[in-house]
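Below is one structure, written out as structure tokens; comments come after it.
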Amino acid sequence: MGDALIQLFSEVLDVDAAELNDNTSPDNLSKWDSLAAMNLVAAIEDTFDVRLSTKEIMKMSSIGLARKTLQEKNVKV
Amino acid sequence: MTVTESKSQWRKHLQGKTEAMPPAPHVAVAGSMTAEPIEPYLGTHLLSKGFENPHITIAPFNQLQRLCADPASVLSTENIDALVILWRLEDMFPELLQRFLCGDATAATELMAETMAFVSALSGLREKFSGTLIVSTPPYPSLPGFDGAEILQPISGSVLHAEILEQWIKNISSIPRLHILDLNALLRKTGAEKAHDARKWHLYRQPYTEAFWHTIGTQAGRLIAAQTISAKKCIVLDADNTLWGGIVGEDGVEGLALADDFPGSAYREFQKHLLHLHSRGILLAVASKNNPDDFYAAFDSHDAMVLKREHISAFEVHWDSKVDSMRRIAEKLNISTNALVFIDDSPKEIGEVQDRVPDVTCLLVPEEAAYLPDILRGTDLFDTLEITDEDRKRATMIAAEDSRRTLQSGMSEEDYKKALELELHVFEAAAQHVGRVTQLINKTNQFNLTTRRRTRDEVESLMQSPTHRVLGMSLKDKYGDYGLVGVCILEKSNDEARMDTLLMSCRVLGRDAETAFLAQIAETARRWGCKNLAGTYLPTPKNGMVKNLYAQHGFTQVDDSTWRVTLDTAPTLPAHIKAALDIAA
């Protein structure tokens with residue numbers, strides 16, 4: 001399965017997992033638009049069974065930052 | 001299916017899609033709010049109903065006024081089969097709601113006027129968009145001032161919403177081929193607190209939780225699927241521990257649980273729900289393994305019974321297998337076994353029916369009696385967009401058919417036809433007939449000379465065409481009204497009227513109604529200034545019964561599929577049928 005978070009981004013954004021890494025952000029991936037962001041939040045909450053605050057959501061401006069936010073909430077990613 | 005399952009199934013569907021597959025159906029969703037989250041739920045519901053390649057487009061949010069005025073500026077509506085519009089008062093008229101909450105007395109009137117203007121805009125959209133239109137009701141506003149939670153708050157918010165809702169439904173219902181998605185009712189069922197997600201509203205202008213989008217998407221999918229998927233027509237009920245608690249053969253009539261206290265209350269409530277479904281035109285039948293005497297003693301004389309004999313279209317009460325009962329009921333009601341829903345408390349009976357008549361939908365009575373009344377609650381089995389008068393009268397017609405059978409026994413065919421006192425009426429189809437005419441055109445297989453299927457729109461445009469006439473035929477006898485049971489579409493060219501479509505429902509065969517119908521069609525052609533009447537027979541695997549119809553009525557064959565008769569020698573009315581003709585000059 002590999003990296004569960006990369007896997008999730010790959011599925012929701014419909015981008016090959018090999019093209020994604022912690023530096024991936026809306027700035028370097030056009031498919032990560034505002035609608036994709038909404039779908040990502042729904043998928044993250046669903047998959048990792050967490051509830052994100054708006055502050056946390058707004059902080060997640062790259063895969064690495066999403067990972068950090070989730071780790072702070074004790075999700076092992 | 002859960003939220004997660006729907007999403008993953010939909011993702012797989014999108015990945016497996018190729019450009020070559022035509023969308024079937026193509027659904028567009030336009031919302032006063034961000035509506036993108038509906039996609040996987042609407043999509044997977046359509047997949048579960050057998051649609052192969054649903055394709056969903058979401059219009060940019062909060063552009064509904066523009067969409068109505070100029071659809072092309074928001075969406076390319078060209079190949080869209082259905083357009084779903086979801087809207088909320090707080091998105092479309094936020095300032096007016098704010099003024100209303102702050103005590104501005106004129107705001108309520110203005111809100112009503114704006115809402116009615118939106119109805120007019122939708123009726124404009126109806127003219128420009130030819131597909132199916134599905135429009136939501138405005139859900140109860142999700143604003144703190146509308147909560148009713150503050151004890152001193154006036155209840156005027158509830159009254160305002162109720163008034164707007166009432167006027168909205170009343171006015172929107174007059175727009176043709178528009179179906180209502182009751183978003184307000186869905187919100188009430190889910191509960192405002194479970195349906196809303198304030199974070200997503202502020203971040204994305206998207207007010208709802210994934211769970212509520214799941215509910216909305218499923219409902220929209222049901223409305224779309226109901227256009228093409230035929231609804232179940234009959235509920236077949238077991239008796240012991242289904243219609244009542246207990247076993248009548250063992251417990252006796254007095255010992256049955258059927259009353260206003262539990263557990264009898266559950267069975268009574270279930271019967272009440274069945275009676276409600278019956279009033280919508282769904283047939284009821286009983287299949288019970290019992291001694292008939294025991295069964296009828298309970299059914300007829302238990303004073304807490306809600307259902308009476310008049311509500312039941314077929315009884316199969318004996319010790320034969322329920323498989324046989326299913327087949328006999330379908331045969332008697334002249335419907336296919338796939339139109340049956342069978343409810344029984346015995347897993348063994350359910351299993352046997354499932355094995356041997358797999359197209360019957362089977363439901364097992366829940367172990368918890370309190371859940372029995374809900375077994376059909378919210379079900380999509382009976383989903384239909386239009387309940388025609390014929391649907392409502394079906395049960396009465398089946399009862400009349402029983403009386404006819406009694407009359408027929410011990411009588412010659414000729415005497416029987418006379419004794420029925422048949423009256424046939426042929427008339428120009430008008431707006432109120434379009435639903436039934438379209439239904440007959442699309443489902444009649446046997447007595448159908450050309451089997452040309454047509455959409456409601458096509459039928460409506462033929463009714464307007466100066467070179468066509470759409471005729472309806474209704475029939476009644478002394479036992480009752482068969483309703484609208486025949487359709488003929490005539491096309492005139494020069495001095496010939498050609499029967500583009502000629503069909504009759506199978507339930508009126510064997511009464512010479514077809515001869516009377518042809519006589520009235522000939523008379524119509526005559527009054528239209530024609531000299532000849534022509535008919536077409538296009539054979540199908542199912543319409544063999546009418547291959548000699550034209551020959552039997554004096555028509556001469558012209559080529560492979562065409563038959564013609566001059567109107568001087570056209571069929572005349574049989575003596576035992578009284579006929580009327582109502583056509584415009």
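The values are calculated or read from the model by the stated rules, or taken from the named source; none is laboratory data. For clarity, every value in this text was computed on a predicted model and none was experimentally measured. Because the Cβ atoms are built from the backbone with ideal geometry, glycine has one as well, and the counts that use them run over all protein chains shown.
Over 12 Å from residue B:311 (Cβ atoms), out of contact with any helix residue (DSSP H, G or I) (no Cβ under 6 Å at 6 or more places or on another chain) and among the hydroxyl-bearing types (Ser, Thr, Tyr) - does that describe any residue in the stretch B:267-282?
Yes, the stretch B:267-282 has at least one match.
Test of understanding: among B:320, B:344, which residue is surrounded by 14 or more Cβ atoms within 10 Å (Cβ to Cβ), more than 30 Å from residue B:503 (Cβ to Cβ) and not hydrophobic (A, V, I, L, M, F, W, C)?
After ruling out the rest, the residue left standing is B:344.
Look at residue B:401 and say whether it is in a loop (DSSP other than H, G, I, E, B) and either outside the structural domain of residue B:520 (by TED's automatic domain parsing) or touching a Lys or Arg at 6+ places or on another chain (Cβ under 8 Å) (or both).
The answer is no for residue B:401.
Restricted to the stretch A:58-77, and to residues that are at pLDDT 95 or above and touching a helix residue (DSSP H, G or I) at 6+ places or on another chain (Cβ under 7 Å), which residue is nearest to residue A:6 (Cα to Cα)?
A:63
Given the conditions (1) within 14 Å of chain A (Cβ to nearest Cβ); (2) within 27 Å of the chain's Cα centre (by Cα); (3) of a type outside the set (Asp, Glu); (4) exposed (fewer than 14 other Cβ atoms within 10 Å of the Cβ), report the number of the one that residue B:12 does not fulfil.
Just one mismatch for residue B:12, condition (2).
Inspect the stretch B:6-28 for any residue being at pLDDT 95 or above and either among the hydrophobic types (A, V, I, L, M, F, W, C) or in contact with a strand residue (DSSP E or B) (Cβ under 9 Å, 6 or more places away or on another chain) (or both) and give the result as yes or no.
The answer is yes; a qualifying residue exists.
Need the failing condition index for residue B:219 against (1) within 29 Å of residue B:388 (Cβ to Cβ); (2) crowded, with 21+ Cβ neighbours inside 10 Å; (3) in contact (Cβ under 8 Å) with a residue 40 or more places away in the chain, just the number.
Unmet condition: (3).
For residues in the stretch B:65-89 being farther than 27 Å from residue B:228 by Cβ and touching a residue at least 24 places away in the same chain (Cβ under 8 Å), which is surrounded by the most Cβ atoms within 10 Å (Cβ to Cβ)?
Per the stated criteria, the residue is B:89.
For the stretch B:263-308, enumerate the residues that are assigned to a loop (DSSP other than H, G, I, E, B) and either polar (S, T, N, Q) or in contact (Cβ under 8 Å) with a residue 24 or more places away in the chain (or both).
B:263, B:280, B:281, B:282, B:290, B:291, B:302, B:304, B:305, B:306, B:307
Of the numbered conditions (1) farther than 27 Å from residue B:36 by Cα; (2) in contact with a Leu (Cβ under 8 Å, 6 or more places away or on another chain); (3) not basic (Lys, Arg), residue B:102 satisfies every one except a single condition; which is it?
(2)
In the stretch B:397-412, which residues are buried (at least 16 other Cβ atoms within 10 Å of the Cβ) and acidic (Asp, Glu)?
Selection gives B:401 alone.
From A:35, A:20, A:40, A:13, which residue is surrounded by 14 or more Cβ atoms within 10 Å (Cβ to Cβ), more than 18 Å from residue B:14 (Cβ to Cβ) and not β-branched (Val, Ile, Thr)?
Sole residue among the options that is surrounded by 14 or more Cβ atoms within 10 Å (Cβ to Cβ), more than 18 Å from residue B:14 (Cβ to Cβ) and not β-branched (Val, Ile, Thr): A:20.
Report those helices (runs of 4 or more DSSP H) wholly inside the stretch B:133-206 carrying at least 1 residues which are surrounded by fewer than 17 Cβ atoms within 10 Å (Cβ to Cβ), in contact (Cβ under 8 Å) with a residue 40 or more places away in the chain and of a type in the set (A, V, I, L, M).
B:183-190, B:192-195
Looking only at the stretch B:381-396, count how many residues are buried (at least 17 other Cβ atoms within 10 Å of the Cβ) and either among the hydrophobic types (A, V, I, L, M, F, W, C) or closer than 19 Å to residue B:338 by Cβ (or both).
5
Suppose we filter the stretch B:333-385 for residues that are touching a helix residue (DSSP H, G or I) at 6+ places or on another chain (Cβ under 7 Å) and in a helix (DSSP H, G or I); how many remain?
10
So, residue B:53, is that one on the phi > 0 side of the Ramachandran plot and away from every other protein chain (no Cβ under 14 Å) or not?
No; evaluated as a whole, the condition is false for this residue.
With respect to the numbered conditions (1) assigned to a helix (DSSP H, G or I); (2) without any contact (Cβ under 8 Å) to a residue 60 or more places away in the chain; (3) within 25 Å of residue B:173 (Cβ to Cβ), which one is the sole condition not fulfilled by residue B:38?
(2)
Hey, any hits in the stretch B:229-250 for a residue that's in a helix (DSSP H, G or I), touching a residue at least 60 places away in the same chain (Cβ under 8 Å) and β-branched (Val, Ile, Thr)?
no
Going residue by residue through the stretch B:406-423, is there one that turns out to be in a strand (DSSP E or B) and farther than 30 Å from residue B:311 by Cα?
No, every residue in the stretch B:406-423 fails to be in a strand (DSSP E or B) and farther than 30 Å from residue B:311 by Cα.
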